[in-house]
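Only one structure is covered here, and it is reproduced in the block below.
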Amino acid sequence: MPSYTAPTRDIQFVLNEILDVANSDVPGYSELEPDFTAAVLEECGKLNSAVLAPLNVVGDKEGCVLENGVVRTPTGFKAAFDQVREGGWTGLDMPEEFGGQNMPYVMGIATLEMFASSNQAFAMYQGLTHGAASAILVHGSDQQKATYLPKMVSCEWTGTMNLTEPHCGTDLGLMRTKAEPQEDGSYAITGQKIFISAGEHDLADNIIHLVLAKIPGGPEGIKGVSLFIVPKFIVNDDGSLGDRNALSCGKIEEKMGIHGNSTCVMNYDGARGWLIGDMHKGMRAMFTMMNEARLGVGMQGLAQAEAAYQNAVAYARDRLQGRAVTGAENPDGPADPLIVHPDIRRSLMDQKSFTEGARAFILWGAMLIDKSHRAGDADAEGMISLLTPVIKGFLTDRGYDMTVQAQQIYGGHGYIEEWGMSQFTRDARIAMIYEGANGVQALDLVGRKLALDGGKHVMAFFEMVKGFCKENGDVEGMAPFIEPLKAASKDLQAAGMYFMQNGMKNPNAALSGSYDFMHLFGHVCLGLMWARSARAALAALAGGASDTAFYENKLTTGRYYMARQLPMTATHLARIQSGAEPVMALPADAF
Ligand SMILES: Cc1cc2nc3c(=O)[nH]c(=O)nc-3n(C[C@H](O)[C@H](O)[C@H](O)COP(=O)(O)OP(=O)(O)OC[C@H]3O[C@@H](n4cnc5c(N)ncnc54)[C@H](O)[C@@H]3O)c2cc1C
């Protein structure tokens, strides 16, 4: 069965040596001294390796079962959930006044990686709760916050997000669920939501559903959508649980992966709900959470790739097949281990250079969110809004690809269930779909984010890359990073220019290239992260760091990314510049 070891050393490298969190002026960051973050990460790592990782396969095999309206989660989930709650992990980055530990979001994300690696299906119960609690925190009234947040921060009650309906996923303007005003100020919610993660289960005493619905008579389409709190059990004035609300789980979906998470059809039959935030501004309330939620899903791409990679390395060291082309490396054995073969090394290098680059990218993204939320930094907010579709789309696509590569290292043993490798691939697949399918992320990037605030943020991105290259161009050892980064950034600018020149007169020209643009942008971001990593590694080596192997390996892995992955930007640019014609020429009825 697969195992998992939390990559705490690498997370520490990003936090301390690339982002230099403890010396940042973001409020709360001065507490993030290396000793402190190391203690938190080590503790979290132990919990994930020892308790949650062994339950990953159990969750996959048993799945969730719906019986008499009640969903039973896999064996061991409830006890583990209680252990996670009691350890305070669910409220790590939530405010102290609601029982949280008030740590910066960057720490929440650093620990989330471990939860999402060790057991993604399990982690979603707390992840969805975090998302719902964040929405209440920002948009709820004082009374709503006092009623729901303490129990949600501790995960005694969990939360859900209800957007999707059978006929509306991406196009939420088609929503039919309705919310009728009642005399007591509440609303009667009626409709069906589908694919609701953690919609019903046995892990918590109450489930707080956040439901998007339309108030009759409101504006048409997406502008008429409002957000409601709809608890499974109505909460009495004294905080105790009252009547069962008129909502039920009609079915749990059978699906490709994340079997340990209950994906529910939720029926609302005049359920009592309370408006959260302003009437008809439900989408705005959801959008406030969007950057965080999408960054969390991007993390799932990295997390599954990391867990799969760790096991692929162990297998490649162990499995004896064939001889090294340059002469036997295990002459006393019947064959050499897989890891001697260049093609296996290529695959492992793809995986390693992806996971480490992605980790730096996501933690940087989390720091931008902290700058925005904790320091009111509008530039950071603009930058993370620009990068969010890249983090979500690129990292989940590539994360999935990496799980396939890890599976491939096992040959046929990766395809059968005995070794547990197919689960990583199956679990990783959903992250490309939910929280806005990746094609829609690309649309968002090209259609909205590039032009955001007059293109100010994308220009700031280019300036940042340029500034970094200028500052470090002459540093010894940086040439293999700076030159490829400059070339890739030039490709990205050329693609942006192509959209500017052609997008207005032919929108299909821009949208035919949007997916390539998202990947082009992703590669440039990872290239930038590798260049920063290299700079930090060189500084550590020059400063006499004792852990030389770690830093040398960093540089070697980074050079691999620059040499073997970053050149993909040229292919993406060529595809973008081919325009709409090759994509749209075939008439729809010719398919
Ligand atoms: C396991 C699982 C868990 C989920 N959890 C939740 C949850 O907790 N809460 C919730 O509300 N929802 C949840 N979802 C729903 C998920 O968010 C939707 O499936 C997703 O948003 C896509 O909607 P759809 O399936 O209706 O696809 P559609 O909207 O029908 O899209 C189909 C395809 O067309 C593409 N597409 C759509 N519009 C365009 C366009 N304009 N241009 C180009 N391409 C386009 C999409 O990218 C996609 O590839 C979950 C789904 C699954 C499978």
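Got the relative contact order for segment 109-224 handy, in percent, Cα pairs under 8 Å and 6 or more residues apart?
27
Provide, for q = 0.23, 0.24 Å⁻¹, the log10 of I(q)/I(0) from a solvent-free Debye sum over equal Cα point scatterers in segment 85-175.
-1.11, -1.17
Mean projection of the alpha-carbon convex hull of segment 360-414 over all orientations, in nm²?
That works out to 4.2 nm².
At a 1.4 Å probe, what is the % contribution of carbon and sulfur to the accessible area of the chain?
Answer for the chain: carbon and sulfur cover 53 percent of the accessible area.
Please give the length that would be gained between Asp171 and Val583 if that part of the chain were fully extended, namely 0.36 nm times their separation in residues minus their C-alpha to C-alpha distance (nm, one decimal).
Roughly 146.0 nm would be gained on extension.
Given Cβ point charges of +1 (Lys, Arg) and -1 (Asp, Glu) and nothing else, what value in debye, to the nearest 20, does the dipole of segment 140-259 about its Cα centre take?
It comes to approximately 380 debye.
With the Cα gyration tensor of the chain in hand, give its eigenvalues times 5 under a square root as the equivalent ellipsoid semi-axes, listed largest first in whole angstrom.
On the way: eigenvalues 299, 167, 122 Å².
For the chain, the ellipsoid semi-axes come out as 39, 29, 25 Å.
Give me the accessible area per residue for segment 1-150, probe 1.4 Å, as a whole number in Å².
Dividing the accessible area of segment 1-150 by its residue count gives 39 Å².
Dipole of the chain (Lys/Arg Cβ +1, Asp/Glu Cβ -1, origin at the Cα centre): which of Thr388, Val235, Ala293 lies farthest to the positive side?
Going by the charge dipole, the pick is Thr388.
Extent of segment 128-271 along each principal axis, from alpha carbon coordinates, in Å, largest to smallest?
Between the extreme Cα coordinates on each principal axis of segment 128-271 lie 42, 37, 27 Å.
So for segment 189-257, what percent of the C-alpha to C-alpha distances run longer than 21 Å? Before the final figure, lay out the partial values.
Details: 885 of 2346 pairs.
So the pairs more than 21 Å apart make up 38 percent of the total in segment 189-257.
Give the dimensionless ratio obtained when the Cα radius of gyration of segment 255-333 is divided by 2.2 N^0.38 Å.
2.12
Give me the extension gain from Arg448 to Ala22: residue separation times 0.36 nm, minus the current Cα-Cα distance, reported in nm with one decimal.
Going from the current span to full extension adds 150.0 nm.
Tell me, what is the per residue accessible area of segment 434-575 in Å², probe radius 1.4 Å? Write down the numbers at each step before the final one.
Numbers: 6370 Å² over 142 residues.
Counting only protein heavy atoms, the per-residue value for segment 434-575 is 45 Å².
Tell me, what ³J(HN,Hα) does each residue in segment 543-556 have, in order and in whole Hz, if you take phi through Karplus 6.51 cos²θ - 1.76 cosθ + 1.60 with θ = phi - 60° and put x for Gly and Pro?
Couplings: x, x, 4, 6, 7, 4, 4, 4, 6, 4, 5, 4, 5, 5 Hz.
Using all alpha carbons of segment 441-591, what is the percent of pairwise distances in each 5 Å bin, ordered from the shortest bin to the longest?
Here the calculated profile for segment 441-591 is 2, 9, 17, 18, 16, 12, 9, 7, 5, 3, 2, 1, 0, 0.
Mind checking the angle between helix 378-409 and the chain's longest principal axis? C-alpha axes, 0 to 90 degrees, to the nearest 10.
With both axes taken from Cα atoms, the answer is about 70 degrees.
What nm distance separates the two modelled labels at Glu329 and Ile234, each placed 7 Å from Cα along Cα→Cβ?
Using points 7 Å along Cα→Cβ, the separation is 6.8 nm.
Considering only DSSP states other than H, G, I, E and B, which GluC sites (Glu not before Pro) in segment 424-523 qualify as loop sites with at most 11 other Cβ atoms within 10 Å?
Passing sites in segment 424-523 are Glu476.
Tell me, what HN-Hα J-couplings in whole Hz come from the Karplus equation 6.51 cos²θ - 1.76 cosθ + 1.60 at θ = phi - 60° for each residue of segment 411-420, using x for Gly and Pro?
Result, ordered by residue: x, x, 6, x, 8, 6, 7, 3, 8, x Hz.
Could I get the Rg over Rh figure for segment 329-371? Both from C-alpha atoms, Rh via Kirkwood, rounded to two places. Mind dumping the intermediate values first?
On the way: Rg = 17.7 Å, Rh = 12.9 Å.
Dividing the radius of gyration by the Kirkwood radius yields 1.37.
Please find the FRET efficiency linking Gln501 to Lys466, where r is the Cβ-Cβ separation and R0 is fixed at 30 Å, and quote it to the nearest 0.05. Please list the in-between numbers first.
Details: r = 22 Å, r/R0 = 0.72.
FRET efficiency, Gln501 to Lys466: 0.90.
Using only the alpha-carbon atoms, how far is helix 456-472 inclined from the longest principal axis of the chain? Give it as 0 to 90 degrees, nearest 10.
Once rounded, one gets 30 degrees.
Run the quick spin-label model on Val65 and Lys223: label points 7 Å from Cα toward the beta carbon, then report their separation in nm to one decimal.
5.1
Determine, from the Cβ-Cβ distance of Ala39 and Ala574 and an R0 of 41 Å, the FRET efficiency 1/(1 + (r/R0)^6), rounded to the nearest 0.05.
The formula returns an efficiency of 0.25 here.
Based on the alpha carbon coordinates of segment 52-99, what radius of gyration and maximum Cα-Cα distance (Dmax) apply, in Å?
Rg, Dmax (Cα atoms, Å): 13.9, 40.
In whole angstrom, how long is each semi-axis of the equivalent ellipsoid of segment 1-68, when you take the square root of 5 times every eigenvalue of its Cα gyration tensor and sort them from largest down? Intermediate results must be reported in sequence, preceding the final value.
Working: eigenvalues 236, 42, 18 Å².
Semi-axes, largest first: 34, 14, 9 Å.
I need the Kirkwood Rh of segment 358-488: take the reciprocal of the average 1/r across all distinct C-alpha pairs and report it in angstrom.
One decimal place: 17.2 Å for the Kirkwood radius.
Compute the FRET efficiency between Asp318 and Thr556 as 1/(1 + (r/R0)^6), taking r as their Cβ-Cβ distance and R0 = 30 Å, and round to the nearest 0.05.
Values: r = 23 Å, r/R0 = 0.76.
So, using R0 = 30 Å, E works out to roughly 0.85.
For q = 0.10, 0.18 Å⁻¹, what log10 I(q)/I(0) does segment 1-151 give under the Debye formula with an equal point scatterer on each alpha carbon and no solvent?
-0.40, -1.13
Could you tell me the ratio Rg/Rh of segment 269-409? Both radii from Cα atoms, Rh via Kirkwood.
1.23
Measuring from label point to label point, each 7 Å out along Cα→Cβ, what is the Arg244 to Met279 span in nm?
That separation, rounded to one decimal, is 3.3 nm.
Pairs Lys449/Lys470; Lys178/Lys281; Lys223/Lys371; Lys449/Lys490; Lys151/Lys392; Lys151/Lys214: which are spaced more than 23 Å apart, C-alpha to C-alpha? Intermediate results must be reported in sequence, preceding the final value.
Working: Lys449/Lys470 26 Å; Lys178/Lys281 15 Å; Lys223/Lys371 30 Å; Lys449/Lys490 19 Å; Lys151/Lys392 29 Å; Lys151/Lys214 28 Å.
Where the Cα-Cα span goes over 23 Å, the pairs concerned are Lys449/Lys470; Lys223/Lys371; Lys151/Lys392; Lys151/Lys214.
Rank by packing, highest mean first: peptides 38-47, 204-213, with packing defined as the count of other Cβ atoms within 10 Å averaged across residues.
Averaged packing, sorted descending, gives the order 204-213, 38-47.
When you count, for each residue, the other Cβ atoms within 10 Å and take the mean per peptide, how do 378-386, 189-197, 421-429, 407-415 rank with the highest first?
Result, highest mean Cβ count within 10 Å first: 421-429, 189-197, 378-386, 407-415.
For segment 201-320, report the translational diffusion coefficient in µm²/s to the nearest whole number, using Stokes-Einstein at 37 °C, 0.692 mPa s, and a Kirkwood Rh over Cα pairs.
184
The values are calculated or read from the model by the stated rules, or taken from the named source; none is laboratory data. The structure displayed is predicted, hence computed values, not measured ones. Heads up, the Cβs are rebuilt from the backbone with ideal geometry, glycines too, and the neighbour counts pull from every protein chain shown. Please note that ligands, DNA and RNA were not included when accessible areas were found on the heavy atoms of the full protein model with its side chains. Shrake-Rupley method; radii C 1.70, N 1.55, O 1.52, S 1.80 Å.
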